[in-house]
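Undergrad: First, the structure itself, so that you have it in front of you.
The values are calculated or read from the model by the stated rules, or taken from the named source; none is laboratory data. The structure displayed is predicted, hence computed values, not measured ones. Cβ sites come from the backbone with ideal geometry, for glycine too, and all protein chains shown count toward neighbours. When the accessible area is computed, the model is the full protein with side chains, heavy atoms only, and any ligands, DNA or RNA have been set aside. Shrake-Rupley method; radii C 1.70, N 1.55, O 1.52, S 1.80 Å.
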Amino acid sequence: MKETARIQIRTSEDMKRRASQLFEDLGLDLGTAINMFLSQSLREGGLPFRSQLSKFDREMEEAEASPVTHMGDVENMKDIIHHV
């Protein structure tokens, strides 16, 4: 029998419950599903799925990084919008 090691992770109760239910519906327990993920990651030499930010995520990151413009009153806001 192969020697085993314990891995501990933290996640929300909701995430654990939902993932456990999903994998149970697939005939797996959570530990088996996690081991499948790890095995496939090793086979792929990385994440076993495409990992990228959506266009919305990238735009949100850019917006959050940009300086804040204080518009003042409504007339000033209209002037700023008109010149964009």
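Undergrad: Please report the carbon-and-sulfur percent of the accessible area for the chain; probe 1.4 Å, protein heavy atoms only, DNA, RNA and ligands left out.
TA: That share works out to 55 percent.
Undergrad: Per residue, how many Å² of accessible area does the chain show with a 1.4 Å probe? Write out the running numbers ahead of the final one.
TA: Numbers: 8360 Å² over 84 residues.
That works out to 99 Å² per residue.
Undergrad: Rounded to the nearest angstrom and ordered from largest down, what semi-axes does the equivalent ellipsoid of region 1-80 get from its C-alpha gyration tensor (root of 5λ)?
TA: 46, 17, 12
Undergrad: With a 1.4 Å probe and all protein chains in place, put LEU38, LEU26, LEU47 in order of accessible area, largest first.
TA: Correct descending sequence by accessible area is LEU26, LEU47, LEU38.
Undergrad: Using Cα atoms only, what is the angle between the long axis of helix 13-25 and the major principal axis of the chain, expressed in degrees (0 to 90) to the nearest 10?
TA: 50 degrees
Undergrad: I'd like the trypsin sites (Lys or Arg not before Pro) in region 15-84 restricted to DSSP loop residues with at most 12 other Cβ atoms within 10 Å, sorted by number.
TA: In loop regions of region 15-84 (DSSP not H, G, I, E or B), the sparsely surrounded trypsin sites (Lys or Arg not before Pro) are ARG50.
Undergrad: Given Cβ point charges of +1 (Lys, Arg) and -1 (Asp, Glu) and nothing else, what value in debye, to the nearest 20, does the dipole of the chain about its Cα centre take?
TA: The dipole magnitude comes to about 620 debye.
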